[in-house]
Every structure is written in structure tokens, then in C-alpha cells.
Amino acid sequence: MANETQTDWRKYRKSTNLASADLDAMETDKIPLIFQIKSVKYETGVDVSGTKQDGIFCYFVQNVKPLKLNSTNNKILAGFAKKDGLIGKECHVIENWQGMLIELFVDRSVKMMGAIVDGIRIKPIQPILNKPKPNFTESNFADAKKANATLEQIKSKYTLTNEIETLWNTYNKEA
């Protein structure tokens, strides 16, 4: 059996929305569960697991199925919006969630209708992608000198070309 093709049933489920089986399959394939929100909409009569449902649906920039949001996930997104500077009711406006970066996981202990089931949750800590460091340029020299910044400190915050590093070393000695 080791040489035969092995088919993972979870990849062929006929579903229109994300389910825990989809996330389990992604994790098996080592696909990160970090997604950027493209849009969030309230929709009516959406086919979810064979039944028509009304609800708030989250669509992603990445090529994955939409996620039907529940109250727990809505509260987490509202908290992210508040952290991003929105105040009052603005953090609860679903259209303001566009562009947010979120990480999903499968919670194996969700209580639904008296049973314990798997459910999709948004991690309560928003993921941070490593942003590229800005370039250190001659326009930064005076501020760096004023702050008594060492070359190591500058390199921890900025990208330096060899040319700029040489210019900085000369400037730092002269000034």
C-alpha cells in the first residue's frame, strides 16, 4: 500500500463554506491557517451544509471557501477592530473588518445543541507578518547620531547597503 496513491477524503468534501475538516486537511498539508479578509457580508438564504441559512459570511483574499461567522468569532474581530483604533459601534461594523489578518484553528470542544463538536475559531491574537525593514538613508543620519545609536541598533531596525554603512561610519566619526 505504500506505493499506491492515497486519497484524503477531506479534500473532496462537497461544501460551500469552511468546515473543521477543511482546516484539518490544510494542516495535514502544512498550509498555514492565516488569511486576509477580503470582505464580510450579511447574507440570506445561503446554502450551508445543505440548509439555507442567514448569517454573516467572511470572504478571504486567499483561494479558500468563505467562513460563516458565529458570535464568538464576531467578538474577536470586533476586538481586533478596536485594537486597530476604531471606537464605539465602528468596531462592530462588519464592513470595517476588510483587510484584517486572522489565524483560524479547530476548537475540538465547541458546545452546540448539547453535543461537543469541532468548530472553527479565530485565534484571539492577531497574526503579525514580518514587515520588511525600511532602508537606512542619509536622511536618517542626524536622528541616529542624536540618539547615540550604535550600528547594531540601526541594523536591528533598518536595512543598510554597504555604501550607506560606509557613509554612516564616516559621518558618525566626523560629526
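Any chance you could run the full-extension gain for Lys89 through Glu4? It's 0.36 nm times the residue separation minus the Cα-Cα distance, nm to one decimal.
25.0 nm
Scanning residues 5 or more positions from Val48 or on other chains, those with amide H under 5 Å from its amide H are Gln53, with H placed 1.01 Å from N in the peptide plane.
Can you tell me the relative contact order of the range 9-122? Whole percent, Cα pairs under 8 Å, sequence separation 6 or more. Mind dumping the intermediate values first?
Working: 175 pairs, mean separation 30.8, N = 114.
Relative CO of the range 9-122 lands at 27 percent.
In the chain, helical runs assigned H by DSSP with n ≥ 4 each contribute -39500 (n - 2.57); averaged across all residues and rounded to the nearest 500, the mean residue ellipticity at 222 nm is -8000 deg cm²/dmol. Remark on Lys38: its backbone amide H falls under 5 Å from those of Tyr59, Phe60, Val61, Gly99, a criterion applied only to residues 5 or more positions apart or on other chains, H modelled at 1.01 Å from N.
For the range 107-128, the residues whose amide N sits under 15 Å from a probe point set 7 Å from the Cα of Val48 along the beta carbon direction are 111-113, 118-122.
Kindly put Thr16, Thr44, Thr161 in sequence by how many other C-beta atoms sit within 10 Å of each C-beta, fewest to most.
Values: Thr16 14, Thr44 8, Thr161 11.
The fewest-first ordering by Cβ neighbours comes to Thr44, Thr161, Thr16.
Residue by residue, the range 47-52 carries 3J(HN,Hα) couplings of 6, 10, 6, x, 10, 7 Hz when phi is fed to the Karplus relation 6.51 cos²θ - 1.76 cosθ + 1.60 (θ = phi - 60°); x denotes Gly or Pro. Around the amide H of Leu69, modelled in the peptide plane, lie the amide H atoms of Ile56, Phe57, Cys58, all under 5 Å away and 5 or more residues distant in sequence or on another chain.
Can you spot the lysines whose alpha carbon is less than 19 Å from Lys75's alpha carbon? Ignore those fewer than 8 places along the same chain. Cross-link targets: Lys38, Lys41, Lys83, Lys89, Lys111, Lys123. In this calculation the C-beta distance from Tyr171 to Thr16 is compared with R0 = 45 Å, giving a FRET efficiency of 0.15.
Evaluating 6.51 cos²θ - 1.76 cosθ + 1.60 at θ = phi - 60° for every residue in the range 165-171, the Karplus couplings come out as 4, 5, 4, 5, 4, 5, 4 Hz, glycine and proline recorded as x.
Under unit Cβ charges (Lys, Arg +1; Asp, Glu -1), what dipole magnitude, rounded to 20 debye, does the chain have relative to its Cα centre? Before the final figure, lay out each step's value.
Numbers: 25 positive and 21 negative charges, 92 e Å.
Using Cβ point charges on Lys, Arg, Asp and Glu, the chain gives about 440 debye.
Rule-based calculations on the coordinates, nothing more; no lab input. None of the values given here were measured: they were computed from a predicted structure. Backbone-built Cβ (ideal geometry, glycine too); neighbour counts: all protein chains shown.
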